[in-house]
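Right, I'll just put the structure down here and ask away after.
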Amino acid sequence: MKLWLKRLIPGIGGLSVIWLLGSLASGQTAAPAKPQLAEEAFKNIQVLKGIPVDDFMGTMGIMSAALGFDCSECHTGAGTDRVDWAADTQRKVIARRMVTMVTTINKDNFTGRQMVTCWSCHRGRDKPAVTPTMDIVYGTPSLEADDVFPQAPGQPTADQILDKYIQAVGGAQRVAGLTSYVAKGTSVGFGGFGGGGQVQIFAKAPDQRTTLIEFKDAPDRGDSIRTFNGRAGWIKTPLAVLKEYQISGGDLDGFRLDAHLAFPGQIKQILKNWRVSLPTTIEDLPGPSSQTSQQPELALASHDVQVVQGDRPNGVVATLYFDNKSGLLLRELRYSRSPIGRVPTQIDYADYRDVKGIKIPHRLTFAWLDGRDSIELKDVQVNVPIPDSRFGTPEQAKGQ
């Protein structure tokens, strides 16, 4: 069964296995003044202490993807009103041993570098494959690009690709004049929960951005909100046990990168150590039928792209994919750190339309290890005033 199908457990939603090594400490949903650590938000944390709560969430996402598990396969009563997150099931005990094992392997053999992760062996199954199969030996190999790559010989420079992108979206002078925008549209959330959502995106240069999704036809579902004010960020997630928290780990720099990318004129300054890989072809990101069936006009397509990668100061790596013909940005794939491997987040951009001389994508697919939002923008207004409160806590972002 596909991973996204196995995750659709009533009452849990996208954050399917965030409790594999712990459980929620009651009464801790307000955004804290200091970084909230995993052991402060969850009970029974034993091997993942000392990491921010958003990095803990990402770690659980890696485990979910690596094993193809959801909450119910590790936690007693998950998906019911009698769940016992704190109970030490056999699989939770094994998971702790596996985390310790992987850490030890990397420490003893690779000077602490993350060369081995859960995904290295499991790749979507609970028990690692140990024997080669003939269809793989004699069939077409599955070629997966490395997360981090070196500069490829004979390729254009990163500056040339980025300059082509800036020209494609309107030219340096026009994009330099873009200081803010407000966008409205619709979204179909992961699993189709709540039907279509009403989307608002607020962005202010150089690095403030908020995505607000309200499900007015399903008020019990709760809102989906991601905010970043240039210094701090928050996440509010519907149908999850930990519904709201302040980010302070890898997600924080990821949100900062997303906010910077909203303004193309500063793209050359947002990453360091630029490098260009070989051209390749990418496919549009597929989704579950519960999501794609509500957007029948969308058809998956392939794109020939040029690939550029750069680094952030705290270990975040970002890969940008630009259409080979138009020069437009089609995909951002960023990786943040976790104790057991890199956590991927992918944003696909499509349907670029001219808004006062600047091409702005009107279709966005935001995908992370525990969900996928498919957003269609209907109205975009540029260089409009936006109060700073729109980039504050989720409550402030809603204007409450």
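The values are calculated or read from the model by the stated rules, or taken from the named source; none is laboratory data. As the structure is a prediction and not an experimental result, all values here were calculated from the model. Reconstructed Cβ throughout: ideal geometry from the backbone, glycine too, with neighbour counts over all protein chains shown. Side chains included, ligands, DNA and RNA excluded: accessible areas come from the protein's heavy atoms. Shrake-Rupley method; radii C 1.70, N 1.55, O 1.52, S 1.80 Å.
Determine whether Val102 is modelled with pLDDT of 90 or more and in a loop (DSSP other than H, G, I, E, B).
For Val102, the condition - modelled with pLDDT of 90 or more and in a loop (DSSP other than H, G, I, E, B) - is not met.
Yes or no: segment 333-343 includes at least one residue that is of a type in the set (Val, Ile, Thr) and within 27 Å of Gly196 (Cα to Cα).
No.
In the set Glu376, Glu395, Glu332, which member is open to solvent by less than 10 Å² (accessible area, probe 1.4 Å) and among the acidic types (Asp, Glu)?
Checking each option against the conditions leaves just Glu332.
Conditions (1) more than 22 Å from Gly124 (Cα to Cα); (2) assigned to a loop (DSSP other than H, G, I, E, B); (3) small (Gly, Ala, Ser), marked per residue:
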| residue | (1), (2), (3) |
| --- | --- |
| Glu40 | yes, no, no |
| Thr59 | no, no, no |
| Ile62 | no, no, no |
| Ala86 | yes, yes, yes |
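If you go through segment 312-322, how many residues are open to solvent by 30 Å² or more (accessible area, probe 1.4 Å) and modelled with pLDDT of 95 or more?
1
Would you check if there is a residue in segment 212-235 being touching a residue at least 40 places away in the same chain (Cβ under 8 Å) and touching a His at 6+ places or on another chain (Cβ under 9 Å)?
no
Does Val116 satisfy the criteria of being open to solvent by 100 Å² or more (accessible area, probe 1.4 Å) and in a loop (DSSP other than H, G, I, E, B)?
For Val116, the condition - open to solvent by 100 Å² or more (accessible area, probe 1.4 Å) and in a loop (DSSP other than H, G, I, E, B) - is not met.
Still on this model: Report, ordered by the first and then the second residue, all pairs with beta carbons closer than 8 Å, sequence separation of six or more or different chains, a first member in segment 86-106 that is basic (Lys, Arg), and a second member that is assigned to a helix (DSSP H, G or I).
Arg91/Glu73
Of (1) of a type in the set (A, V, I, L, M); (2) closer than 16 Å to Leu212 by Cα; (3) in contact with a Ser or Thr (Cβ under 9 Å, 6 or more places away or on another chain), Val380 satisfies all except one. Which?
With (1) of a type in the set (A, V, I, L, M); (2) closer than 16 Å to Leu212 by Cα; (3) in contact with a Ser or Thr (Cβ under 9 Å, 6 or more places away or on another chain) applied to Val380, the lone miss is (3).
Look through Arg353, Arg334 and report the one residue that is under 17 Å from the mean Cα position of the chain (by Cα) and either outside any loop (DSSP other than H, G, I, E, B) or free of Cβ contacts under 8 Å to residues at least 40 places away in the same chain (or both).
The conditions single out Arg334.
While we're on this one: For segment 238-250, what are the residues that are open to solvent by 30 Å² or more (accessible area, probe 1.4 Å) and farther than 14 Å from Gln396 by Cα?
Leu239, Val241, Lys243, Ser248
Being over 12 Å from the mean Cα position of the chain (by Cα), closer than 25 Å to Ala301 by Cα and not polar (S, T, N, Q) is the filter here, so list the residues in segment 356-379 that pass it.
The answer is Ile358, Lys359, Ile360, Pro361, His362, Arg363, Leu364, Ile375, Glu376, Leu377, Lys378, Asp379.
Next question. Being open to solvent by less than 10 Å² (accessible area, probe 1.4 Å) and either farther than 22 Å from Arg337 by Cα or modelled with pLDDT under 90 (or both) narrows it down to one residue among Val83, Val93, Val17; which is it?
Matching residue, one of Val83, Val93, Val17: Val17.
Considering each of Gly61, Gly124, Gly50 in turn, give the residue that is open to solvent by 30 Å² or more (accessible area, probe 1.4 Å) and under 21 Å from the mean Cα position of the chain (by Cα).
Gly124
Sort out which residues of segment 132-177 are in a loop (DSSP other than H, G, I, E, B) and either modelled with pLDDT under 90 or acidic (Asp, Glu) (or both), and write them in order of number.
Pro132, Thr133, Gly139, Thr140, Pro141, Ser142, Leu143, Glu144, Ala145, Asp146, Asp147 - these are the residues of segment 132-177 that are in a loop (DSSP other than H, G, I, E, B) and either modelled with pLDDT under 90 or acidic (Asp, Glu) (or both).
Among what's in segment 335-366 and is farther than 22 Å from Arg312 by Cβ and charged (D, E, K, R), pick the residue that is surrounded by the fewest Cβ atoms within 10 Å (Cβ to Cβ).
Top of the filtered list is Asp354.
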